[in-house]
1. Select, from GLN173, GLN211, GLN190, the only residue that is closer than 21 Å to VAL66 by Cα and among the polar types (S, T, N, Q).
2. Take the range 49-76 and flag every residue that is within 22 Å of the chain's Cα centre (by Cα) and among the polar types (S, T, N, Q).
3. Only one of these conditions is not met by ASP172: (1) closer than 25 Å to ARG130 by Cβ; (2) of a type in the set (Asp, Glu); (3) touching a strand residue (DSSP E or B) at 6+ places or on another chain (Cβ under 6 Å). Which number is it?
4. Among the candidates LEU52, LEU76, LEU59, which residue alone is surrounded by 10 or more Cβ atoms within 10 Å (Cβ to Cβ) and modelled with pLDDT under 95?
5. Limited to the range 162-182, what total is found for residues that are among the small types (Gly, Ala, Ser) and more than 15 Å from LEU137 (Cβ to Cβ)?
6. Take residues that are under 22 Å from the mean Cα position of the chain (by Cα) and crowded, with 17+ Cβ neighbours inside 10 Å and tell me which of the strands (runs of 3 or more DSSP E) falling wholly in the range 86-192 contain 3 or more.
7. Looking only at the range 93-111, decide whether some residue is of a type in the set (A, V, I, L, M, F, W, C) and more than 29 Å from ARG208 (Cα to Cα).
8. Looking at this structure, is ARG202 assigned to a strand (DSSP E or B), of a type in the set (Lys, Arg), out of contact with any Phe, Trp or Tyr (no Cβ under 7 Å at 6 or more places or on another chain) and over 25 Å from SER103 (Cα atoms)?
Amino acid sequence: MKTFFGMAATLLCCVNLLLLSQRLQAADVEPAEIRGKTQQTPVTVLQNRYFLKALRPELGLVYGIVTNEAYTNTALTGYRLGFFVNEWFGLEAQSFRSRVTNSDDRKALNQLTYKNNVGDSVKVDPEVNRIGKVTDLTLVTSPFYGKINFADWLIIYSDAALNVGMSNVTTDQGTLKAITWGVGQRFYWQKSLSFRVDFRDRIYSEQRNNQAYRKNTYSVDFGLSYFLF
């Protein structure tokens, strides 16, 4: 009797498993039917510029420093004028005057002396070509524009710019022609007012030990700009 009930229970379990598997198979559907049909046309979110600069003259004040002078500390102060024909392309002019002081390295070298060929004591004084004035005329393109989320607390509108053009660099050797290029970032906080950070490289030729050498003068500039109209 026990054997009969055991066999009956086993048979009943097998029937239940068979029916369950059929119900599960009947519930199988394609993943796309569960999730819904795939979106054929993705949604694109575009936003018009909030800060416009096309056909608006730009006036700015600038403070900068030359970053690759070994024997001098060179600070630049000046102004800039700009005009964009559209939101992407424009023309910019800058003029700087410098304030030059001796670096700590040069002060240390000036304390040293050595004996020359005839036995006289001579002070160590490196050859320095100081920068006195800089003027730039560059073409500007500003292809990148967007928003920066600062810690979910403040939205900052910004655009980036690329510059290329010509410069006059007035040094102890006179006024030298230079090629200049640079990159910059502008941060807006009013319709007409912005804060700018720019990096510039001015490339020219100068004389050292009666030979011509290519010189790269790097500067980092900080400034405020105001758009008229």
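The values are calculated or read from the model by the stated rules, or taken from the named source; none is laboratory data. Computed from a predicted structure; not experimentally measured. Because the Cβ atoms are built from the backbone with ideal geometry, glycine has one as well, and the counts that use them run over all protein chains shown.
1. Working: GLN211 fails: closer than 21 Å to VAL66 by Cα; GLN190 fails: closer than 21 Å to VAL66 by Cα.
Step by step, each of GLN173, GLN211, GLN190 is checked, and only GLN173 is closer than 21 Å to VAL66 by Cα and among the polar types (S, T, N, Q).
2. Start the filter on the range 49-76 by keeping residues that are within 22 Å of the chain's Cα centre (by Cα), which leaves 49-54, 58-68, 75-76.
Passing the criteria: THR67, ASN68.
3. Checking ASP172 against (1) closer than 25 Å to ARG130 by Cβ; (2) of a type in the set (Asp, Glu); (3) touching a strand residue (DSSP E or B) at 6+ places or on another chain (Cβ under 6 Å), the one that fails is (3).
4. On the way: LEU76 fails: modelled with pLDDT under 95; LEU59 fails: modelled with pLDDT under 95.
So the residue among LEU52, LEU76, LEU59 that is surrounded by 10 or more Cβ atoms within 10 Å (Cβ to Cβ) and modelled with pLDDT under 95 is LEU52.
5. First, the residues of the range 162-182 that are among the small types (Gly, Ala, Ser): 165, 167, 174, 178, 182.
Filter once more, keeping what is more than 15 Å from LEU137 (Cβ to Cβ): 174.
Residues meeting the conditions: 1.
6. Details: elements: 89-102, 113-115, 121-123, 131-150, 154-171, 174-188.
So the answer is 89-102, 131-150, 154-171, 174-188.
7. From the range 93-111, those of a type in the set (A, V, I, L, M, F, W, C) are 93, 96, 100, 108-109; that's our starting set.
Next, from what is left, pick out any that are more than 29 Å from ARG208 (Cα to Cα): 93.
Yes, the range 93-111 has at least one match.
8. Numbers: assigned to a strand (DSSP E or B): yes; of a type in the set (Lys, Arg): yes; out of contact with any Phe, Trp or Tyr (no Cβ under 7 Å at 6 or more places or on another chain): yes; over 25 Å from SER103 (Cα atoms): no.
Criteria not met by ARG202.
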